[in-house]
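> Below you'll find the structure I mean.
Each value in this text was obtained by applying a stated rule to the coordinates, not by laboratory testing. Owing to the predicted nature of the structure, the values given are computational and were not obtained by experimental measurement. Positions of Cβ are backbone-derived with ideal geometry, glycine not excepted, and every protein chain shown enters the neighbour counts.
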Amino acid sequence: MEITVTTKTEVHISRHNYISKHENIGNAFLMHAMLILNNMVFGLIPAALGIPLFFIRPIRVYTLAYFRLMDYYLNVILSGTWLSQRSVNYHTEKQNIEPEVAMGLKEAFPRQ
């Protein structure tokens, strides 16, 4: 079950990484907001059901993945990067880029 939870969580994280790397700031902000809204609001119902129904494995997976995503989003706020702590690039990215740039809120190289 641990592998399933990790895989589901990493799929969501990879979507954020792709957006931050390949989209411009305006699109990235909207796309990140939609993903967060989708994951946190619409994932709340299956995750909440998993608490009393913990003995049903598929529902328990949703609950554990939901809490890992919450932890990931908290780390995004604290670290200023969309990379997960599991990424091999996490420490170098964290040291070299301003948080606003890494989160897609500011351009790294403004257009002139």
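> What are the residues in the stretch 18-46 that are under 14 Å from L69 (Cβ atoms) and assigned to a helix (DSSP H, G or I), if any? If you could, list the steps in order and put the result at the bottom.
Kept after step one, since they are under 14 Å from L69 (Cβ atoms), are these residues of the stretch 18-46: 32, 35-44, 46.
Matches in the stretch 18-46: H32, L35, I36, L37, N38, N39, M40, V41, F42, L44, P46.
> Let me ask something else about it. Can you name the residue in the stretch 22-36 that is free of Cβ contacts under 8 Å to residues at least 60 places away in the same chain and surrounded by 11 or more Cβ atoms within 10 Å (Cβ to Cβ) and is also farthest from Y62 (Cα to Cα) among such residues?
Step by step, filter the stretch 22-36, then rank; the result is N27.
> Go through (1) touching a Leu at 6+ places or on another chain (Cβ under 6 Å); (2) not in a helix (DSSP H, G or I) one by one and return the number of the condition I59 breaks.
Here I59 meets the rest and fails (2).
> Hey, could you check the stretch 5-48 for residues that are of a type in the set (A, V, I, L, M, F, W, C) and within 16 Å of Q85 (Cβ to Cβ) and say which is nearest to the chain's Cα centre (by Cα)?
Going through the stretch 5-48, the residues of a type in the set (A, V, I, L, M, F, W, C) turn out to be 5, 11, 13, 19, 25, 28-31, 33-37, 40-42, 44-45, 47-48.
With within 16 Å of Q85 (Cβ to Cβ) added as a condition, the list becomes 5, 13.
On the way: V5: 14, I13: 4 Å.
Result: I13.
> Further question: Is it true that P52 is part of a helix (DSSP H, G or I) and either basic (K, R) or out of contact with any Pro (no Cβ under 8 Å at 6 or more places or on another chain) (or both)? Show your work before the answer.
On the way: part of a helix (DSSP H, G or I): no; either basic (K, R) or out of contact with any Pro (no Cβ under 8 Å at 6 or more places or on another chain) (or both): yes.
No.
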